[in-house]
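The values are calculated or read from the model by the stated rules, or taken from the named source; none is laboratory data. Just so it is clear, the structure is predicted and the values come from calculations on it, not from any experiment. Glycine also receives a Cβ, built like all others from the backbone with ideal geometry; neighbour counts cover every protein chain displayed. Accessible surface is based on the protein model in full, side chains and every heavy atom, while ligands, DNA and RNA are left aside. Shrake-Rupley method; radii C 1.70, N 1.55, O 1.52, S 1.80 Å.
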Amino acid sequence: MIFPNILFFSFALLPIVTHSAPTTIVLPPTPQTLRECGTSSVVDLDAEAQVSYAISRIESENARPGENVSFAPIAPGATTIDVYVHVVQANSSLEGGGLSQSDVEAQIAVLNEDYDSTGFSFDLVDVNSITNPIWFHYVTNTEEGLPYATEMKAATARGSAKDLNIWTVGFSTVGTLGYATFPWNYTTDPTSDGVVLRFDTFPGINSGVYNLGRTATHEIGHWLGLYHPFQGKKILLLHPLSSLTFHLASSSGECEGNGDNVADTPRQLNATYGCPTIKDTCILAPGSDSVHNFMDYSDDDCLTEFTPGQIERMNAAFETYRAGS
Ligand SMILES: [Zn+2]
């Protein structure tokens, strides 16, 4: 029981934010060096955005602590999901959120690649460009932004529970990259169903580490019923410039519990940032952290996989809550 105190004092000089999902996190600024890009089609991130990109894949989501939805997994089938993309822009410039048809198609291609092993494929049905600076700037999954999100979704959503609506916005006032609804939310709140993404998380749009389109891959994982591999844990966000991890915490009992309800994702205490070679926050439990899993927070180029258990859960969730609609 002395370990938490040791940890606290050991890391007292590092900014640490402790929180419970799904609160939106505001982290302190930190010096960054980002890749430069000379291509004019790339959005140059302002200082505030650079901080939020470089620190974390911050998001606010609908997962509630203690929400523990579980069901029998099933083997992957062959499911094609119709996708409606709503490009909400402040203006038609790229900086204003004005993604092109080819930008959207590039994102769909990433999804089809990342979900290749899952049984799901994505068919782009329509791209709908909407100029609405209010929605672009103020939609979030927070108390302040939800009324705008509700209005936006009600005015534009297409299809039914089995169809995927994606909205791209600016999230200008918070460090959010995206958020999603879960399949079991559909029955009680069908009009909120779908995924909202910061527009410059689409492939090649921003100059940071979340620029390969895998924020969409991650959020659609939630839309298909997946949690984070560190779900339900006491999330300790460590300063991203530190390579230290909370090895000692695994002896404190915090690694117990159902986690993400997927048997083959090892127990994990906190989110991953960057792309560490070695990270194991629950050393007394089998396996190391899911650094390369699409449902962790690692850099886009670090994310490569869903586990067989996650694939079975997604297929079961789709069959249970979305198919047949
Ligand atoms: Zn997430």
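Computed values, structure above
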| quantity | calculated |
| --- | --- |
| Test result for CYS302, crowded, with 16+ Cβ neighbours inside 10 Å, touching a His at 6+ places or on another chain (Cβ under 7 Å) and farther than 16 Å from PHE182 by Cβ | yes |
| From the options HIS218, HIS222, residue that is in contact with a Lys or Arg (Cβ under 8 Å, 6 or more places away or on another chain), within 16 Å of the ligand (Cβ to nearest atom) and either more than 29 Å from SER298 (Cα to Cα) or not in a loop (DSSP other than H, G, I, E, B) (or both) | HIS218 |
| Residue identified as open to solvent by less than 10 Å² (accessible area, probe 1.4 Å) and modelled with pLDDT under 95 among ALA323, ALA316 | ALA316 |
| Pair list, Cβ < 6 Å and 6+ apart or interchain, from region 167-188 residues that are more than 12 Å from the ligand (Cβ to nearest atom) and among the hydrophobic types (A, V, I, L, M, F, W, C) to residues that are assigned to a helix (DSSP H, G or I) and at pLDDT 90 or above | VAL169/PHE136; TRP184/TYR321 |
| Failed criterion for GLN310 (all others in (1) within 16 Å of the ligand (Cβ to nearest atom); (2) open to solvent by 40 Å² or more (accessible area, probe 1.4 Å); (3) modelled with pLDDT of 90 or more hold) | (2) |
| Whichever residue in region 175-207 is of a type in the set (A, V, I, L, M) and out of contact with any Gly (no Cβ under 7 Å at 6 or more places or on another chain) and, among such residues, is farthest from GLN89 (Cα to Cα) | ALA180 |
| Qualifying residue in region 162-171 (condition: at pLDDT below 90 and assigned to a loop (DSSP other than H, G, I, E, B)) | yes |
| Close pairs (7 angstrom Cβ cut-off, 6 or more residues apart or separate chains): closer than 14 Å to ARG158 by Cα in region 119-139, open to solvent by 60 Å² or more (accessible area, probe 1.4 Å) and not in a strand (DSSP E or B) anywhere | LEU124/GLU105; VAL127/GLN101 |
| Lone unmet requirement of (1) in contact (Cβ under 8 Å) with a residue 40 or more places away in the chain; (2) open to solvent by less than 10 Å² (accessible area, probe 1.4 Å); (3) more than 11 Å from PRO229 (Cβ to Cβ); (4) of a type outside the set (Asp, Glu) for ASN258 | (2) |
| Pair list, Cβ < 6 Å and 6+ apart or interchain, from region 300-325 residues that are closer than 11 Å to ILE74 by Cβ to residues that are assigned to a helix (DSSP H, G or I) and open to solvent by less than 10 Å² (accessible area, probe 1.4 Å) | ALA317/PRO183 |
| Members of region 174-215 found to be charged (D, E, K, R) and either touching a helix residue (DSSP H, G or I) at 6+ places or on another chain (Cβ under 9 Å) or in a strand (DSSP E or B) (or both), listed by number | ASP193, ARG198, ASP200, ARG214 |
| Which numbered condition LYS153 fails, given (1) open to solvent by 40 Å² or more (accessible area, probe 1.4 Å); (2) on the phi < 0 side of the Ramachandran plot | (1) |
| Sole residue being in a helix (DSSP H, G or I), of a type in the set (A, V, I, L, M) and within 30 Å of PRO76 (Cα to Cα), chosen from VAL110, VAL125 | VAL110 |
| LEU197 being surrounded by 23 or more Cβ atoms within 10 Å (Cβ to Cβ) and more than 15 Å from the chain's Cα centre (by Cα) | no |
| Condition met for GLY77 (in a loop (DSSP other than H, G, I, E, B), out of contact with any Phe, Trp or Tyr (no Cβ under 6 Å at 6 or more places or on another chain) and at pLDDT below 95) | yes |
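So that you can scan it fast, the table gives a plain yes or no per residue for (1) within 17 Å of VAL196 (Cβ to Cβ); (2) of a type outside the set (Val, Ile, Thr):
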| site | (1), (2) |
| --- | --- |
| SER100 | no, yes |
| VAL104 | yes, no |
| VAL110 | no, no |
| ASP114 | no, yes |
| SER117 | no, yes |
| LEU124 | no, yes |
| ASN132 | yes, yes |
| HIS137 | yes, yes |
| ASN141 | yes, yes |
